[in-house]
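Q: Supplied in structure tokens, the structure appears directly below.
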Amino acid sequence: MTKLSEHFTLAEFLVSETASRHGIDNTPDERVIENLKLTALVMEEVRDLVGRPVIITSGYRGPALNRAVGGSVNSAHMQGLAADFIVPPLTPLEVCRMIAASDIVYDQLIYEHTWVHLGLTLKESPRHQKLTLLASGSYAQGFVA
Ligand SMILES: [Zn+2]
């Protein structure tokens, strides 16, 4: 069991129902694994902030899996720089607000209703965007309940 950080394993960031259902190989390369370690470290900060275990629902998505789930073509998930997650019994909206009020550094924090998306960037200036995914597929600024 390869560990990315104290509480997160590589497997947690690779698992995908869609990939197994469609027989999609979602194996990351070394570069992606290095990025996943960064993502796991930020998820450790989230875990500390909320004081509970964090459940990753989607981490790395290789190109084939990203297409299968209809992900954005520039999705940070394809670089191993994003995680979708939940922290029961907290609601995703509560978690978004807690992260936004903390000093955790992120590029995009997106309230996606049933989960939280946290995306990182390797660029020097993270955008710190706070967004809500709308039913139309576009994004609203801030967290819209
Ligand atoms: Zn996501």
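Q: Identify, by number, the condition in (1) out of contact with any helix residue (DSSP H, G or I) (no Cβ under 9 Å at 6 or more places or on another chain); (2) surrounded by fewer than 12 Cβ atoms within 10 Å (Cβ to Cβ); (3) not basic (Lys, Arg) that residue 145 doesn't meet.
A: (1)
Q: May I pose another question? Please go through the stretch 20-68 and give me each residue that is in contact (Cβ under 8 Å) with a residue 12 or more places away in the chain, under 21 Å from residue 94 (Cα atoms), assigned to a helix (DSSP H, G or I) and not hydrophobic (A, V, I, L, M, F, W, C), ordered by number.
A: 39, 44, 45, 47
Q: Could you grab me the full set of residues in the stretch 81-133 that are outside any strand (DSSP E or B), free of Cβ contacts under 8 Å to residues at least 24 places away in the same chain and within 14 Å of the ligand (Cβ to nearest atom)?
A: Correct list: 113 only.
Every number here is computed from the coordinates shown, using simple stated rules; none is lab data. Because the structure is a prediction, the values reported are computed rather than measured. Every residue, glycine among them, receives a Cβ derived from its backbone with ideal geometry; neighbour counts consider all protein chains shown.
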